[in-house]
1. Can you name the residue in region B:269-293 that is more than 14 Å from chain A (Cβ to nearest Cβ) and open to solvent by less than 10 Å² (accessible area, probe 1.4 Å) and, of all such residues, is farthest from B:ILE33 (Cα to Cα)?
2. Could you please find all residues in region A:521-533 being out of contact with any strand residue (DSSP E or B) (no Cβ under 6 Å at 6 or more places or on another chain), surrounded by 14 or more Cβ atoms within 10 Å (Cβ to Cβ) and part of a loop (DSSP other than H, G, I, E, B)?
3. Condition (residue is more than 13 Å from every other protein chain (Cβ to nearest Cβ), open to solvent by 10 Å² or more (accessible area, probe 1.4 Å) and more than 26 Å from B:PHE347 (Cα to Cα)) applied to region B:72-94: is it met by at least one residue?
4. Out of B:ALA504, B:ALA516, I need the residue that is more than 7 Å from chain A (Cβ to nearest Cβ) and either surrounded by 20 or more Cβ atoms within 10 Å (Cβ to Cβ) or of a type in the set (Val, Ile, Thr) (or both). Which one?
5. Are any residues in region B:149-167 in a helix (DSSP H, G or I) and open to solvent by less than 30 Å² (accessible area, probe 1.4 Å), and if so, which ones?
6. Limited to region B:152-168, what total is found for residues that are more than 10 Å from every other protein chain (Cβ to nearest Cβ) and of a type outside the set (S, T, N, Q)?
7. Can you name every residue in region A:476-502 that is without any contact (Cβ under 8 Å) to a residue 40 or more places away in the chain and either closer than 30 Å to B:PRO279 by Cα or hydrophobic (A, V, I, L, M, F, W, C) (or both)?
8. Within region B:534-545, how many residues are surrounded by fewer than 18 Cβ atoms within 10 Å (Cβ to Cβ) and either of a type outside the set (Gly, Ala, Ser) or at the interface with another protein chain (Cβ under 8 Å from one of its Cβ atoms) (or both)?
2 protein chains.
Amino acid sequence: MAKAKNILFIMFDQLRWDYLSCYGHPHLKTPHIDAIAAKGVRFDRAYIQSPLCGPSRMSTYTGRYVHSHGASWNKVPLKVGEITMGDHLRDAGMGCWLVGKTHMEADAEGMRRLGLEPDSVIGARVAECGFDIWERDDGMRPEGPDGFYDPGGALKYNDYLRNKGYEGENPWHDYANSGIDDAGNVLSGWFLNNSDQAANIREEDSETPYLTRRGIEFIEAQGDKPWCCHLSYIKPHWPYIVPEPYASMYSPQDFLSPVRSEAERETDHPVYKGFQNAPVGRAFSRDDVRDKVLRAYMGLIKQCDDQMGVLFDWLKKTGRMDDTMIVITSDHGDFLGDHWLGEKTFFHDASVKVPLIVYDPSPEADATRGTVCDALIESIDLLPTFVEVAGQDAGKLDHILEGRSLLPHLYGTAVPERGFVIAEYDFSASPLAGKLDLHPDQARMFMVADKAWKLIHFESGHRPILFDLANDPGEITDLGGSTEHADVRAKLYDLLFEWARRPAARTTMSNDSFIAKRAGSPRHGVMIGIPEQSDAAPEAVAKYVGRKAVDKRS
Amino acid sequence: MAKAKNILFIMFDQLRWDYLSCYGHPHLKTPHIDAIAAKGVRFDRAYIQSPLCGPSRMSTYTGRYVHSHGASWNKVPLKVGEITMGDHLRDAGMGCWLVGKTHMEADAEGMRRLGLEPDSVIGARVAECGFDIWERDDGMRPEGPDGFYDPGGALKYNDYLRNKGYEGENPWHDYANSGIDDAGNVLSGWFLNNSDQAANIREEDSETPYLTRRGIEFIEAQGDKPWCCHLSYIKPHWPYIVPEPYASMYSPQDFLSPVRSEAERETDHPVYKGFQNAPVGRAFSRDDVRDKVLRAYMGLIKQCDDQMGVLFDWLKKTGRMDDTMIVITSDHGDFLGDHWLGEKTFFHDASVKVPLIVYDPSPEADATRGTVCDALIESIDLLPTFVEVAGQDAGKLDHILEGRSLLPHLYGTAVPERGFVIAEYDFSASPLAGKLDLHPDQARMFMVADKAWKLIHFESGHRPILFDLANDPGEITDLGGSTEHADVRAKLYDLLFEWARRPAARTTMSNDSFIAKRAGSPRHGVMIGIPEQSDAAPEAVAKYVGRKAVDKRS
């Protein structure tokens, strides 16, 4: 096998790190993903930058923290000018294509300001977060009294379904994401009490197999030129519903118990309490809801793994397994009732820690095959890794990219590990921010964690939350108000402060360029603080010596 | 008089706040500037965002901190996508033009990435920091063995001089910025021992009168459409040399004594000591150098004030004084030997505090004419002020603009003052950073100050510096290591931390938009955490009710 030439960057949506058998799930067997872990490195402390699709992905696609790129919530546009995975990889001679979801919202106002037409090559890339588009599918076509959430959502997939005989204006909803009763009524997958229904669709036509085929079509169409394919699945993200045979595959004896305590429910923390009290927190705190959702959630993951089997078999058959790096990860997790929460918008590991498996065919990676790496990893580390696979030195881009290449971890070469990870969440747009009467600047939270501790800071002025990860890995006991842990909190606050001061916007000049300027004598004639000509090097002032002029003073 | 319709935004370069008679200079009389202060408001605590031309100006022109726009040093390009004064004012229907200096460096790499041609209308604005160009003149045409510092610098002015009979390839240097001896030798103004020479140029042809005339020509050419004219003088910035009669106007009895102490010279602070030991610090610590430079520096300021007289007379004559806001400020000060320093790259008031005088013809401003405002002001406050003069609500742009409109101060309306000011300096490219062996991320300094205290933080890991502004306005005694001031330092560090966490990159969605979303029921059909259809509002789920499908499960 030779050096990796291509990158297959697979992302699942809302896939918890501990719902794969290689990460220890006792009942959900994911042999195809596990096989990649056995041939690559499984990262055991991989964190995303924000527990929500949009901001998490914008960090992954730019290699920069949310605090740096600013797209802090779903549908907050990524500002024009941000440099993306596509920009970096194309500069390195590698194509960068999307098959699936990004949750990108274009900065239409910024594009207008710069005169970028969305239908130009460059404009389309700016609008699509730097990717060239094989298929953009954010996997949602919800509709309400005010119309569609995403007017362009799932259009190609809906066409596909109609061509396959699924009728109506929105087969995405009526078939792929709903059940059906004996009277022919659509049982919408939007409602959690339908999550134990089988989706009314042939399994092969559901979203995960569809996207797998689209990914294979993309790879088939590539010639010899190196490519990065972001194969970005929508599942196991809600609507929680899956077709047979997956719909009947799991039952309560397969479920993990929720990780939660009565003490948590009685928290005095207004923000944490607020998230518990939100509809999704209340819903997932109900065992009946959780039981129905878990059937679908686990079935969706099992389907994803089976599709990985299809995909990897095809890669082996075509030789692509020998020249392609494979990355498997997720954009965030899912609380599933842990800590009396649903969805993902808080900072427990159920949400901010993700699976991350990297297989590199290169001989340099032989030393680490099948190993587990427990270094602190952030999702912004992927882009510098990809830049290096594309043949560039990511260190030369460290004024732009805030992550670190994973290659040393894959090659087993010594590397100083980062000391802490950061995640951010902006709940400015949530009803909770209204209830707490917070300005958008205050409705933000930061997480800073090392291997031993996790601190959550609230801009709202409420006290922090602290977890002792070493002794309380379930993150059940909040030590945010504990007087004996004041020093721990202070140390984590120092790390957050150091991070917040980083020169994240200084992206137009490399660190090497700054350093190169230090040695510079004044070779362009700017003489600062030189009393006399003889105080400067003769060469530096040569242009100013021996000049003649005419007296014009009068 | 009616509401201000136009803005004449006058900036001097390297003009110390205390070198105007309205700010208390006992010997340097500046009656024309003082007259504007008498008709407007003189701000007594106006701070710039960085003590260096480029970063200070980029903050003024974007309304954003250096930590936000990233152009942290001269010639660090302002990244494409940053929204400028020109963008905001043109959106508000006001033209925004440059006559003079910006120190803007275009982000050529970013423009390439976005396909922006420098000769297109939009490309030219992006390359020129958002301004339309009447005349760009950064006032420098130095040349050394490696060529010109700025190949495009002072070209028009050099043409002007040649047309006036000043010969040679660089009359900017040989005449406007040099003296001459009896043998016809050019005495270069680059060398400080020539600063007491008269520049070899007719006064009317020197840079300050030239730019005044260019500004008047610009205003004359405007029709009825509102304009903002950034009349941006190069002087009293070095080369320190001025033509007669100004060259002979001031002598040592007119000079302020240097503000410095022997204890300062023995500082144990490696960064402060390093700046003292730089060539410019050593040069300005010499009384002979200082005496020569001050003749020129004060003469240059006097010439600037006389030109203000010419300009304001013309504005009165043409009626523009009645519909034009006039702003007079500087991009930073000049140590002139204070604290054993030269130039400006540190954080004493001699450098970071600037004159700021605002005259507003509007009747609303009658209440404050001739008053002094001691609120803490930052140079980023100018752009929101201008946006409001152009008729927009700057509050709607507070997700982009980090400053605050000065109009409430001009109108005498109650306003909560900001609690602290921030300045930053990046010395990554300096020889000192090399001597101290600092990574570019470490070669940075922050200043945080309120009315009582000023703290300087060093990313290099060295201890902070602290000044007691109330009891030590000369900033002579460094309390950075004083144990009894630990609480004061902690309080200022808290402010810096709060500031560093601000969501500066979240520029694509307004705070109002975030707040408006809080009230939103799920009107686009996204049903998160809804167990049953009956748990949601009937209207919200109406699209999902009563749908029929065909059974496709088998």
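The values are calculated or read from the model by the stated rules, or taken from the named source; none is laboratory data. Note that the coordinates shown come from a computational prediction; the quantities given were computed from them, not determined experimentally. When we count neighbours, we look across all protein chains shown, and the Cβ atoms used for this are built from the backbone with ideal geometry, even at glycine. Protein only, heavy atoms only, side chains kept; ligands, DNA and RNA dropped before computing areas. Shrake-Rupley method; radii C 1.70, N 1.55, O 1.52, S 1.80 Å.
1. B:HIS269
2. The answer is A:PRO522, A:VAL526, A:MET527, A:ILE528, A:GLY529, A:ILE530, A:PRO531.
3. yes
4. That would be B:ALA504, the only listed residue that is more than 7 Å from chain A (Cβ to nearest Cβ) and either surrounded by 20 or more Cβ atoms within 10 Å (Cβ to Cβ) or of a type in the set (Val, Ile, Thr) (or both).
5. Once the filter is applied, which keeps residues that are in a helix (DSSP H, G or I) and open to solvent by less than 30 Å² (accessible area, probe 1.4 Å), region B:149-167 yields B:TYR157, B:ASN158, B:LEU161.
6. Number of matching residues: 9.
7. Listed by number, the residues that qualify are A:LEU479, A:ALA486, A:VAL488, A:ALA490, A:PHE497, A:ARG501.
8. 5
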